[in-house]
Every structure is written in C-alpha cells, then in structure tokens.
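Only one structure is covered here, and it is reproduced in the block below.
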Amino acid sequence: AKRRGPRTSRLFEPDMMSKSMERTRLIAEMAPALARGEFHLVYQPVVDLSRGGRVVGAEALLRWRHPRSGMIPPDLFIPLAEESGQILAIGDWVLRTACHDVATRLHRGWPIDFDLHVNVSVRQLIQSGFVETVEAALASSGLPADNLTLEITESSLATDGLLASDALTRLRDLGARVAIDDFGTGYSSLSYLTSLPFDGLKIDRSFINGMTENGQARTIVHSIVGIARSFDVHLVAEGVETPEQAAALRDLGCERAQGYLFGRPVPLDDWTDPAHR
Ligand code: C2E
Ligand code: CA
Ligand code: CA
Ligand code: CA
C-alpha cells in the first residue's frame, strides 16, 4: 500500500478512489470465483515440540488465485467477504472442503488424532444455521467431530462475544473444538475467558517474533502459557521461524507450534503421511 502524506483534506484522493473501486471489483468477482473454482486451500503443519516436532495437525488457509490479478492475499479479500456477507458461502465451502480433505487422509491411515484447524469468521459463527453447517460438513465428509477445531479471532469476540457464545456451546456439544486465534492482541480485559466456552488458545505471531530478543514478549508468552494451563486448554504458538524461538517455547512449556520453521502452507496433496515424516 502507498503511504499517504501527513493529514490531507482533499475530498477525492485518486489513491482512495482506486482503492474503493478495487474493493468493489473484488467483491463483485467473489461469487463467480467460488463457482469457477478459483479458491483453494493450503495446509500448514502444527507440530508437537515435546515430541520431537511430530506433526499433530494442520491449519487450513484459504487462497484465491485470480485469473488476471494472481494470488490475492486473504488479509485483503477476507475482510471484503465479511463486509459483503459472502464469507457465509465461502466459509461453508472452506469447511466442507477441509473436512473432506482431512477425512480422506484419515481413511488412508493418517494418525487418528490428527487435528484439523479451520478459521471461522464471527459473521459465520453468529449466523443462524452455522452449527448445522458444521454438522453437515462433518456428516458428509465422515470426519469425526473431535478432529475439528474452529479458530475464531480474539478481536472479533470482543464485539460479538455474547452472540457467539451460544454457537460455541452448541459446537462443543457436537464434539468439535474451539480455539481463540491471535490471542493477546484483541482484548483489553480477559474476563471474557470465564464466560466463553473454548478449548484452545493460539499465541499471536507478534509475541513469538520478539520473544528471543525482547524480554517483555517472552514474559507475555510465559503468562499465556500460564493462562492455558489454568484453564486446562491447548496452546499453539504461531509464526515460529527460528530454532531459537522453538527452543524458548519448549522451555516455557508451550508444546504445540506452527510456523515457517516447520512448514509453509501447501496443498494437502503435497504432504507426506505425518506418521512417516
Ligand atoms: P491466521 O489465522 O492468523 O493465520 C496465520 C497466518 O500466518 C497465515 O497467513 C500463515 O500463512 C501465516 N504464517 C504461518 N507461519 C508463519 C511464519 O512462520 N511467519 C510468518 N510471517 N507468517 C506465517 P495467511 O494464510 O496469509 O492468512 C491470513 C489470515 O487470513 C489468517 O490469519 C486468517 O485470519 C485469515 N484466513 C485465512 N484462511 C481463512 C479462512 O478459510 N476463513 C477465514 N475466516 N479466515 C481465513
Ligand atoms: Ca488461524
Ligand atoms: Ca492467528
Ligand atoms: Ca491473524
């Protein structure tokens, strides 16, 4: 993105104008893109640091390969999909595809406790019928509910937490799990943790980034490990890029991790059986 000058009062900025046209164009192209198969999923391994980096699961991440514009980053198109409501159709596709992809691998003998993580936007979660959508994705794929973790960002829970909590409870009744994503970045108070049902936390990448150079980031990670322990929930550190970060996490007692150090997100077809890595 281009940097804007300090404080401008111009009404029509060419830059802003083209940005909003670009957004409008992307929104209009999303539904046809879904129908034409321009979306696909890549999967990033989740490893267990206490078991020599064994792969214990994967996070599904959405990609949009646009025929003319190339790869459009999810940080750009997902907010647009949320605003325009198209995240409902796209999210439904993501759930069905991811459950199906992993269920096929389980049939081929992948570890039965393999954890599939799927990102869910709060717009989806608070939509009536969402729990039924998850149920249908599980039923049609044959994926057992306890192989599925839905990730929901902490910042979105800040605004819609109360509405979401009913859906979260029903998802857990199904046997699926819920993890709070980007933990540590989105809330000013942690009191919501006592009222929202959840099974896991994901430490935001920004804390992992700084933890080997910066004592404060390390202290925060240490506190999050303590929170996960006291709530007796799973913990995954994301964005682990160096062996030093992995070692520091292991020292602090964070068992699960994800990041370029262990593997970039790639299509599941490019994976080898995690049991034989
Ligand atoms: P997220 O859920 O926090 O996903 C982690 C992001 O960090 C991914 O970016 C991943 O590729 C990236 N990443 C993983 N390891 C490393 C690392 O070691 N270093 C660095 N620098 N980055 C790493 P990605 O794939 O671009 O996704 C961005 C965001 O888009 C996701 O953040 C998530 O919020 C959203 N997203 C992706 N797929 C979906 C989806 O299917 N549904 C919804 N609602 N949101 C999605
Ligand atoms: Ca995530
Ligand atoms: Ca995250
Ligand atoms: Ca994120």
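Please determine, by comparing only the residues of the stretch 207-232 that are within 16 Å of ligand 3 (Cβ to nearest atom) and open to solvent by 60 Å² or more (accessible area, probe 1.4 Å), which one is nearest to Gly259 (Cα to Cα). Checked the stretch 207-232; the qualifying residue nearest to Gly259 (Cα to Cα) is Asn209.
In the stretch 112-129, what residues are away from ligand 2 (no atom under 16 Å from the Cβ) and open to solvent by 20 Å² or more (accessible area, probe 1.4 Å)? It would help to see each step written out before you state the result.
Here is the first cut: in the stretch 112-129, the ones away from ligand 2 (no atom under 16 Å from the Cβ) are 112-114, 126-129.
Ile112, Asp113, Ile126, Gln127, Ser128, Gly129 - these are the residues of the stretch 112-129 that are away from ligand 2 (no atom under 16 Å from the Cβ) and open to solvent by 20 Å² or more (accessible area, probe 1.4 Å).
Taking each residue of the stretch 42-63 that is farther than 13 Å from Arg277 by Cβ and in a strand (DSSP E or B) and looking for partners that are open to solvent by 30 Å² or more (accessible area, probe 1.4 Å) and aromatic (Phe, Trp, Tyr) with beta-carbon atoms closer than 6 Å, six or more apart or interchain, yields nothing. Flag not set for Gly200, criterion: in contact with a strand residue (DSSP E or B) (Cβ under 8 Å, 6 or more places away or on another chain) and open to solvent by 30 Å² or more (accessible area, probe 1.4 Å).
When the stretch 233-243 is filtered for residues that are open to solvent by less than 20 Å² (accessible area, probe 1.4 Å) and either assigned to a helix (DSSP H, G or I) or touching a residue at least 60 places away in the same chain (Cβ under 8 Å) (or both), only Val236 remains. Tyr260 falls short on exactly one of the conditions (1) farther than 30 Å from Gln127 by Cβ; (2) more than 16 Å from ligand 4 (Cβ to nearest atom), and that condition is (2).
For the stretch 130-185, a residue qualifies if it is in contact with a Phe, Trp or Tyr (Cβ under 9 Å, 6 or more places away or on another chain), open to solvent by less than 30 Å² (accessible area, probe 1.4 Å) and among the charged types (D, E, K, R), and exactly one does: Glu154.
Could you look through the stretch 25-50, keep only residues that are touching a helix residue (DSSP H, G or I) at 6+ places or on another chain (Cβ under 9 Å) and open to solvent by 40 Å² or more (accessible area, probe 1.4 Å), and pick out the one that is farthest from Leu95 (Cα to Cα)? Going through the qualifying residues, I end up with Ser50.
Residues in the stretch 244-260 that are part of a loop (DSSP other than H, G, I, E, B) and either under 24 Å from Gly226 (Cβ atoms) or open to solvent by less than 20 Å² (accessible area, probe 1.4 Å) (or both): Gly253, Cys254, Glu255, Gln258, Gly259.
The values are calculated or read from the model by the stated rules, or taken from the named source; none is laboratory data. What you see is a predicted model; the values in this text were computed from it and never measured. Using ideal geometry, Cβ is built from the backbone for each residue, glycine included, and neighbour counts are taken over all protein chains shown. What goes into the accessible areas is simple: the full protein's heavy atoms, side chains included, and nothing from ligands, DNA or RNA. Shrake-Rupley method; radii C 1.70, N 1.55, O 1.52, S 1.80 Å.
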